[in-house]
Amino acid sequence: MKTLQVSNEIREAIIEQKPIVALESTIISHGLPYPDNKEVALRIHDIVREEGAVPATIAIINGQLKVGIDEEDIERLATEEGIVKTSLRDLPGVLTKRRTGSTTVATTSYAASQAGIRFFATGGIGGVHREFPNSMDVSNDLITLANSNICVVSAGIKSILDVPNTLEMFETLGVPVYGYETTRYPGFYTTDSGINVESITKEEAASLMRTKDHLTLDQSVHIAVPVPEEAAIDPDWMQSIILEALEEAKKQQITGKDITPFLLKTIHEKTNGQSVKANIALIKNNAKIAAQIASSYYNTN
Amino acid sequence: MKTLQVSNEIREAIIEQKPIVALESTIISHGLPYPDNKEVALRIHDIVREEGAVPATIAIINGQLKVGIDEEDIERLATEEGIVKTSLRDLPGVLTKRRTGSTTVATTSYAASQAGIRFFATGGIGGVHREFPNSMDVSNDLITLANSNICVVSAGIKSILDVPNTLEMFETLGVPVYGYETTRYPGFYTTDSGINVESITKEEAASLMRTKDHLTLDQSVHIAVPVPEEAAIDPDWMQSIILEALEEAKKQQITGKDITPFLLKTIHEKTNGQSVKANIALIKNNAKIAAQIASSYYNTN
Amino acid sequence: MKTLQVSNEIREAIIEQKPIVALESTIISHGLPYPDNKEVALRIHDIVREEGAVPATIAIINGQLKVGIDEEDIERLATEEGIVKTSLRDLPGVLTKRRTGSTTVATTSYAASQAGIRFFATGGIGGVHREFPNSMDVSNDLITLANSNICVVSAGIKSILDVPNTLEMFETLGVPVYGYETTRYPGFYTTDSGINVESITKEEAASLMRTKDHLTLDQSVHIAVPVPEEAAIDPDWMQSIILEALEEAKKQQITGKDITPFLLKTIHEKTNGQSVKANIALIKNNAKIAAQIASSYYNTN
Ligand SMILES: [Mn+2]
Ligand SMILES: [Mn+2]
Ligand SMILES: [Mn+2]
């Protein structure tokens, strides 16, 4: 049984030491409505290629963990009912039942690391939920990033979470966190979370990953890129909307895996779609930056 | 120095790829009174054999970590004073001082994994204590299950603990959790903790463990089997007794390692022995189910 | 690129299986004022040698992670501005930028483990901050000690932290903790934190580390040595000073990496220098005990 199926293009890119950017698929199945989801997924592929890197979208298709899915697979993830949002703990079950699933940040990091990919672009990463410790809901993304050796480029931690405490937990776990050309940690929908962070350029990020190649540190590196100005949302307005959405989730007793999709949908409605526009803008931007860092890494290796 | 001593029968079973079920020994030294503890330990061996599997009770005898102890060892653990309840952090010390100790879920998982055993039956597993975060008392069982590759069959998390938050922490750590032929997570003494869980059959569990053989995921799999109906205790009655016992522990200032034995003894008294009957019924049942899953795993490997 | 540079003396000592004691360098750059810091660093070298062991102070000099620095390096760390206090997450960045940094308990444990060193003496180790869970500030020392195989000799957990909860977290992570010839866990500036702990002698500690050589447990062992009586501070007085210092840090809104240096400086002032005297006395004593344990380990190996 072969659980990891790497596409021919990705396999060749690995052998030839070409830059590759891993991409997650939960944004396709659960993050955006059709046909936005498909269009964005394909557009991101183009963006990565325009920067001289190879896109490697990761998903589970009929019980095969595929690194590098094609347009047909993307169409399925974008339209089919019952695609399983697959966190790392769900992976053995989804593979065993030969189901089709999209991969979270954790599962994408795992699969990309297994395949030898060093860079990964995503929208936002999971963390400590605001209810902690009443509910000890903490994303497996944190633990997986502390145990995989990849560079994760995102627009920060999902802003529905407890951002300061998630950053504390990254520190506890030894995960390096940098702001991309900024000393203010980005706030996902907003350019500034209000928290200081060390700034890094793309060349420095590439250089850092080369240094890590010579160390035996398990931790991934997290680089947070501010959402592009033109799509950024006003921080105060956004904060009030998030608090309203959290209130509503509590009233409707939404829990567990259902919370994040519920909150995103509610925020979408309350911002008249501005949150989705920001999400699309930032994921495209992150893919571009990740591809540039990957290119810098391989060009000077 | 050879720290791990695997019995001849277990060694042959491993080589011949026969099903094996690991069993912990804290239930013998600290969980049940004499002669119940010895009788149950031997009865469980028979149950495992009746299902075509080999029982591997694990304990530390005179500073030797033994995988597969015999009746004489069981008699010692069941009767001797000063048997050390050995969690994983205690293991180096107990071995160094050539002491005799019983193994917790964590230490049994570690030793079984080291020996190449894939299935383990126990009563209940540790987790987050209800005082968290006032006291950050969280069992090492959680961390060890996140770092060993075994299938642990239990009747759920010990119900004196914070069950919802322990399940959250399993999710954070990436440990897959399933209900055995039930969509309601079992409540140890009761069949239903009130929390939803994905259901699994024994064939699916065997299949899942085969899938894991092809992945490089560290985490163990936890399968929770409801206590047999005829021994189950009424959930509301049980909950009130646990709260009384916790109250008494606080009053008497019982802390640390002494809490769990104190609570179990108090619950025993307050239920007029029903809790011990449930405990015996569920551990026998778990051993049977674990043996059946192990047999399914090896028959179709 | 060679990231770890082991001095000739240390390399020979490793090959010849001579006792070695790793030492951290944050005490030089951030822990003590000049010229105390340099004098103490050199005095500790002598103390380790007097016990028949080789001192291995660890630091980052111009982007080289050096195991075994010389007097010239110590002078730089003791006097230069801008020495980076380098926790494990900072290590790749400090190496990449070819900076000069001192190593924390975590980074020293990592580098020493990489070099094959088994013993490490330091002042106090990090842990859970008192604000938890309002701020989830928990030192990476805890996680790194759960993932490196070394014997860390300290005077306990830094007393500005939440000592009981840090000890709980060590238990959760499976890190063995012992009191050196005492059944009361030391309180850093004071001989007794009020918490019970298992006692260990130097021969037992050496023996324990030999047992660990035959196990595949990741965790380090923590041995807490009481501050020498003549330098110990009264526990009640110390506790009130710590609470005042914490209050002041809150008032002045000191956060993150700045908290520990601020608190130490404030405590220094409020104790009229007694805290620094205690700190110097305990680090010298810890170095001596660590060297004795290391000697015992190699002599009877
Ligand atoms: Mn969650
Ligand atoms: Mn505990
Ligand atoms: Mn901190």
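Each residue in the stretch A:126-138 was checked for being among the charged types (D, E, K, R) and more than 8 Å from every other protein chain (Cβ to nearest Cβ), and 2 pass.
Selection of strands (runs of 3 or more DSSP E) fully inside the stretch C:139-250 by the criterion of at least 3 residues being within 14 Å of another protein chain (Cβ to nearest Cβ) returns C:177-180, C:190-196, C:198-200, C:221-224. Of all residues in the stretch B:129-143, none satisfies the criterion of being more than 13 Å from ligand 2 (Cβ to nearest atom) and either touching a residue at least 40 places away in the same chain (Cβ under 8 Å) or of a type in the set (Lys, Arg) (or both).
Scanning the stretch B:37-91 for residues that are within 20 Å of B:Ala112 (Cβ to Cβ) and among the small types (Gly, Ala, Ser) gives B:Ala41, B:Gly52, B:Ala53, B:Ala56, B:Ala59, B:Gly63, B:Gly68, B:Ser87.
Taking the numbered list (1) modelled with pLDDT of 95 or more; (2) of a type outside the set (Lys, Arg); (3) on the phi < 0 side of the Ramachandran plot; (4) buried (at least 22 other Cβ atoms within 10 Å of the Cβ) in turn, A:Pro164 passes all entries but (4).
The residues of the stretch C:11-38 that are acidic (Asp, Glu) and closer than 20 Å to C:Ala155 by Cα, listed by number, are C:Glu24, C:Asp36. Here are the criteria: (1) surrounded by fewer than 16 Cβ atoms within 10 Å (Cβ to Cβ); (2) at pLDDT below 95. Tell me which single one A:Glu72 does not satisfy. Tallying (1) surrounded by fewer than 16 Cβ atoms within 10 Å (Cβ to Cβ); (2) at pLDDT below 95, A:Glu72 fails exactly one: (2). Quick check on the stretch A:169-185. Is at least one of its residues β-branched (Val, Ile, Thr) and within 16 Å of ligand 1 (Cβ to nearest atom)? No. Restricting to the stretch A:114-125, name every residue that is assigned to a loop (DSSP other than H, G, I, E, B) and either within 13 Å of chain B (Cβ to nearest Cβ) or not charged (D, E, K, R) (or both). The answer is A:Gly116, A:Ile117, A:Thr122, A:Gly123, A:Gly124.
When we screen A:Gly52, A:Gly82 for residues that are in a loop (DSSP other than H, G, I, E, B), in contact (Cβ under 8 Å) with a residue 24 or more places away in the chain and away from every other protein chain (no Cβ under 14 Å), the only hit is A:Gly52. Given the criteria more than 16 Å from ligand 3 (Cβ to nearest atom) and within 22 Å of A:Ala22 (Cα to Cα), does A:Met136 qualify? No: the conditions fail for A:Met136. For the stretch C:196-209, filtering for residues that are surrounded by fewer than 17 Cβ atoms within 10 Å (Cβ to Cβ), under 17 Å from C:Val175 (Cα atoms) and either at pLDDT below 95 or not charged (D, E, K, R) (or both) leaves 2.
Looking only at residues of the stretch C:91-113 that are of a type outside the set (A, V, I, L, M) and facing chain A (nearest Cβ under 7 Å), we find that the one that is nearest to A:Glu198 (Cα to Cα) is C:Gly93. With the structure loaded, tell me whether A:Arg89 is within 16 Å of ligand 1 (Cβ to nearest atom) and in contact (Cβ under 8 Å) with a residue 40 or more places away in the chain or whether it fails that test. Yes. Just one of the numbered conditions (1) more than 16 Å from ligand 2 (Cβ to nearest atom); (2) surrounded by fewer than 21 Cβ atoms within 10 Å (Cβ to Cβ); (3) at pLDDT 90 or above is not true of B:Ala249: (1). Pairs are defined by a Cβ separation below 7 Å, a sequence spacing of at least 6 or placement on different chains, a first member in the stretch B:238-267 that is without any contact (Cβ under 8 Å) to a residue 12 or more places away in the chain, and a second member that is part of a helix (DSSP H, G or I); the pairs so defined are B:Ile254/B:Phe262. With respect to (1) of a type in the set (D, E, K, R); (2) modelled with pLDDT under 95; (3) within 23 Å of A:Phe120 (Cα to Cα), the lone exception for A:Lys265 is condition (3). When B:Glu24 is tested against (1) more than 25 Å from B:Tyr297 (Cα to Cα); (2) charged (D, E, K, R); (3) crowded, with 19+ Cβ neighbours inside 10 Å, exactly one condition is not met: (1).
Each row is one residue, and each column tells you yes or no for (1) aliphatic (A, V, I, L, M); (2) modelled with pLDDT under 95; (3) within 16 Å of ligand 1 (Cβ to nearest atom).
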site	(1), (2), (3)
C:Ala112	yes, no, no
C:Gly124	no, no, no
C:Arg130	no, yes, no
C:Ile143	yes, no, no
C:Asn147	no, yes, no
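Here C:Pro33 meets each of (1) at pLDDT 95 or above; (2) farther than 23 Å from A:Glu171 by Cα with one exception, condition (1).
The values are calculated or read from the model by the stated rules, or taken from the named source; none is laboratory data. Quick caveat, the model's predicted, so the values are computed rather than measured. Please note: Cβ atoms are built from the backbone with ideal geometry, for glycine as well, and neighbour counts cover all protein chains shown.
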